[in-house]
Amino acid sequence: MKNLLLAILSGLVLALGWPTYGFPGLLFFGFIPLLWATERLLQSESSRPVLKIFGLAYLSFFIFNIITTWWLYNSTPFGMWFAVLANALLMTGVWLLYVRVRKRFARHLSLVFLAATWMLFEFMHLNWEFAWPWLNLGNGFADYTRWIQWYEYTGTFGGTLWVWVVNAFLFSAGFHFAETHNRKKFFNKLVLATLLILIPIGIGQAMFYTYTEADNPVEIVLLQPNIDPYTEKYNTTNERIADLLFSIADTTLTQNTDFLIAPETVLAEGAGVNLRDFEYSPERSRASEYLSQYPNLNYLTGIQFFRLYENEKDILPTTNFMGYNRIGNPIYADFFNSAFMLNRLDSTQIYHKSKLVVGVENFPYQSILKPLLGDVMIDLGGTVSMKTTQENRGVFKGAEGLQVGPVICYESVFGEFVTGYVAEGAQFLAIITNDAWWGDTQGHKQHLNYARLRAIETRRSIARSANTGISAFIDQKGTITKTLGYELQGSLKGTLNANNGLTFYVRYGDYLARGAGLIAVVLLIWSFFKKPQKPLTDRGNK
């Protein structure tokens, strides 16, 4: 019963440390109860300790996942349960690897392995086709950006490492005290643990108050049309949507405005707009007509494109089979969640979203799973097709030469991915999104705050246009300077500073995760050449 309560406590503490309702300081203690229960079982004479540890770990991580991401239920009940149950299982898998290594190595070395393996797990979630990095531990500080200004050097993996160093140190100190009752040594370790928490916070605060943005102002207007994606978005003509957008823009735009930014897939009538014909489409003509009133304006917006094929040799792995034409030949189509930008230069710039939502825009490992599962795609208001991506990040060049990175929705959760825009020359970032799928829950609030991490990592100001959710301006320190709230329709005008500098993180990416992965793999391989230690309680294991 004690072990069960410890497992529940771990799940609750981790969940209550999550943004945007929690306090991230709790993350420094969240794993300690589960580590304690695990160590007790490994040192006991209990039968099937590994099976019991599996149950306890899964319970902890299920609680953590369900409390922090339950809001997915509002868009897809099946998707929510899959994400919660599968992610909890993956976290438990990391824990079982730790148990294997703990049986063979001393406690301190085993904790190093656990921290490194967890970072490798998070890195995997950023890069494989089942990508779900929402609960990567470094994201937990998204609402306390003054603590983590040093993310410009480490990215979010610096936060993950910070959480694990403190948890491991406190657990080791506490368990050693329980075995030795050496109060003086325990007190000294508590002082050191306090410093491990406070020193990085102090460094972050110092960086926050000393960082100064170069004066390079850009005037931007954000549009938030507040279109219901379930009942309106895919059933309203693009002409009517354009009329709505430009009528909202008219209330705020001036001749000095540099950028007008509208949200993700705001133009999504039917199957979308034919990519091959876009240069001659009503959508482009209507936008060009409006831009003629504002010669210096750059118009950036989201759109759904499609491209048709009848020749099988042209199809891609992401191409969708659409049926047969009148003479019985097969028809194929690529679909794109895209952004385009127009200005007086009269050249259309297009970028296709490349980090896709699992099950909605992407069928993971299709060649393997589709023969087994069939067309298992989740319907979120019409987006039930595989989306096609592009290999490199696209950067749009404004009429006056200013360059912007068009980050589309889910892409903003991927730190190293977003640095690709900056490496290509983006001087500020435009995040276009649609957060209405989840209702007025923690989902859209967490998504907004994760954007603040990207601002710190890249030292790029962010203009965030949401269909609904929260449209916002974020400065280079991750501070939200202006917002337009959930379910409000309107425009938001603000001024951001562009930046040309490259941070350490932009240059080197997730180097901490790669280093941790190497450590994890080396220790795991080494464990196969070590015999389990018996008893686990001897002094050599402390």
remark   = Note: among 327, 315, just one is of a type outside the set (Lys, Arg) and loosely packed, with under 14 Cβ neighbours inside 10 Å, namely 327
remark   = Per the filter on region 470-524, residues of a type in the set (A, V, I, L, M, F, W, C) and in contact with a strand residue (DSSP E or B) (Cβ under 8 Å, 6 or more places away or on another chain) are 470, 472, 473, 474, 480, 484, 488, 492, 496, 498
query = Where residues in region 431-448 are surrounded by 24 or more Cβ atoms within 10 Å (Cβ to Cβ) and among the hydrophobic types (A, V, I, L, M, F, W, C), which of them is farthest from residue 506 (Cα to Cα)?
reply = 436
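For every residue, the table says whether it meets (1) out of contact with any Phe, Trp or Tyr (no Cβ under 6 Å at 6 or more places or on another chain); (2) outside any helix (DSSP H, G or I); (3) at pLDDT below 95.
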| site | (1), (2), (3) |
| --- | --- |
| 9 | yes, no, no |
| 20 | yes, yes, yes |
| 25 | yes, no, no |
| 34 | yes, no, no |
| 38 | yes, no, no |
| 45 | yes, yes, yes |
| 56 | yes, no, no |
| 70 | yes, no, no |
| 79 | yes, no, yes |
remark   = Being part of a loop (DSSP other than H, G, I, E, B), surrounded by 22 or more Cβ atoms within 10 Å (Cβ to Cβ) and at pLDDT 95 or above narrows 425, 469, 478 down to just 478
request  = With respect to residue 135, determine if the residue is within 25 Å of residue 83 (Cβ to Cβ), more than 16 Å from the chain's Cα centre (by Cα), in the same structural domain as residue 36 (by TED's automatic domain parsing) and modelled with pLDDT of 95 or more.
outcome  = no
message = Kindly evaluate residue 529 against the criterion of being in the same structural domain as residue 159 (by TED's automatic domain parsing) and on the phi < 0 side of the Ramachandran plot.
response = yes
ask   = Which residue, of 513, 455, 451, is over 20 Å from residue 403 (Cα atoms), crowded, with 17+ Cβ neighbours inside 10 Å, at pLDDT 95 or above and among the hydrophobic types (A, V, I, L, M, F, W, C)?
value = 513
ask   = What about residue 272, is it in contact with a Phe, Trp or Tyr (Cβ under 6 Å, 6 or more places away or on another chain) and not assigned by TED's automatic domain parsing to the domain that holds residue 232?
value = yes
inquiry  = Can you tell me which residue is nearest to the chain's Cα centre (by Cα) among those in region 247-282 that are of a type in the set (D, E, K, R) and under 16 Å from residue 352 (Cβ atoms)?
reply    = 264
query = Which residues, taken from region 153-163, are of a type outside the set (S, T, N, Q) and buried (at least 23 other Cβ atoms within 10 Å of the Cβ)?
reply = 155, 157, 159, 162, 163
request  = Please go through region 269-297 and pick out each residue that is assigned to a strand (DSSP E or B) and more than 14 Å from residue 339 (Cβ to Cβ).
outcome  = 274
message = Scan region 196-212 and tell me whether some residue there is hydroxyl-bearing (Ser, Thr, Tyr), part of a helix (DSSP H, G or I), at negative phi and in contact with a Phe, Trp or Tyr (Cβ under 9 Å, 6 or more places away or on another chain).
response = no
note = Note: among 230, 234, 153, just one is assigned by TED's automatic domain parsing to the domain that holds residue 434, within 26 Å of the chain's Cα centre (by Cα), assigned to a helix (DSSP H, G or I) and not basic (Lys, Arg), namely 234
note = Among residues of region 389-420 being in a strand (DSSP E or B) and surrounded by fewer than 22 Cβ atoms within 10 Å (Cβ to Cβ), the residue nearest to the chain's Cα centre (by Cα) is 403
inquiry  = Can you say whether residue 160 is of a type in the set (Val, Ile, Thr), under 16 Å from residue 514 (Cα atoms) and assigned to a helix (DSSP H, G or I), as far as the supplied structure shows?
reply    = yes
ask   = Considering 28, 54, which residue is surrounded by fewer than 18 Cβ atoms within 10 Å (Cβ to Cβ), in the same structural domain as residue 89 (by TED's automatic domain parsing) and either of a type in the set (A, V, I, L, M) or touching a residue at least 40 places away in the same chain (Cβ under 8 Å) (or both)?
value = 54
ask   = Across region 500-519, what is the number of residues that are basic (Lys, Arg) and closer than 18 Å to residue 127 by Cβ?
value = 1
message = I'd like to check which strands (runs of 3 or more DSSP E) are fully inside region 298-360 and have at least 1 residues that are in contact with a helix residue (DSSP H, G or I) (Cβ under 8 Å, 6 or more places away or on another chain) and farther than 30 Å from residue 471 by Cα.
response = 298-309, 330-342
message = Can you find, within region 428-448, the residue that is modelled with the highest pLDDT among those that are touching a Leu at 6+ places or on another chain (Cβ under 8 Å) and in a helix (DSSP H, G or I)?
response = 443
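Yes/no per residue for (1) over 24 Å from residue 439 (Cα atoms); (2) of a type outside the set (A, V, I, L, M, F, W, C):
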site: 230; (1), (2): no, yes
site: 249; (1), (2): yes, no
site: 280; (1), (2): yes, yes
site: 286; (1), (2): yes, yes
site: 293; (1), (2): yes, yes
site: 298; (1), (2): yes, yes
site: 311; (1), (2): yes, yes
site: 333; (1), (2): yes, no
remark   = When restricted to 297, 308, 267, the only residue within 24 Å of residue 421 (Cα to Cα) and without any contact (Cβ under 8 Å) to a residue 40 or more places away in the chain is 267
message = Exactly one of these conditions fails for residue 287: (1) over 32 Å from the mean Cα position of the chain (by Cα); (2) closer than 19 Å to residue 491 by Cα. Give me its number.
response = (1)
request  = Give just the number: which of (1) surrounded by fewer than 21 Cβ atoms within 10 Å (Cβ to Cβ); (2) free of Cβ contacts under 8 Å to residues at least 60 places away in the same chain; (3) part of a strand (DSSP E or B) does residue 219 not satisfy?
outcome  = (2)
inquiry  = For the condition farther than 26 Å from residue 76 by Cβ and either small (Gly, Ala, Ser) or more than 18 Å from the chain's Cα centre (by Cα) (or both), what is the one hit in 463, 436, 451?
reply    = 463
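The values are calculated or read from the model by the stated rules, or taken from the named source; none is laboratory data. Source: prediction; values computed, not measured. Cβ atoms come from the backbone with ideal geometry, glycine included; neighbour counts cover every protein chain shown.
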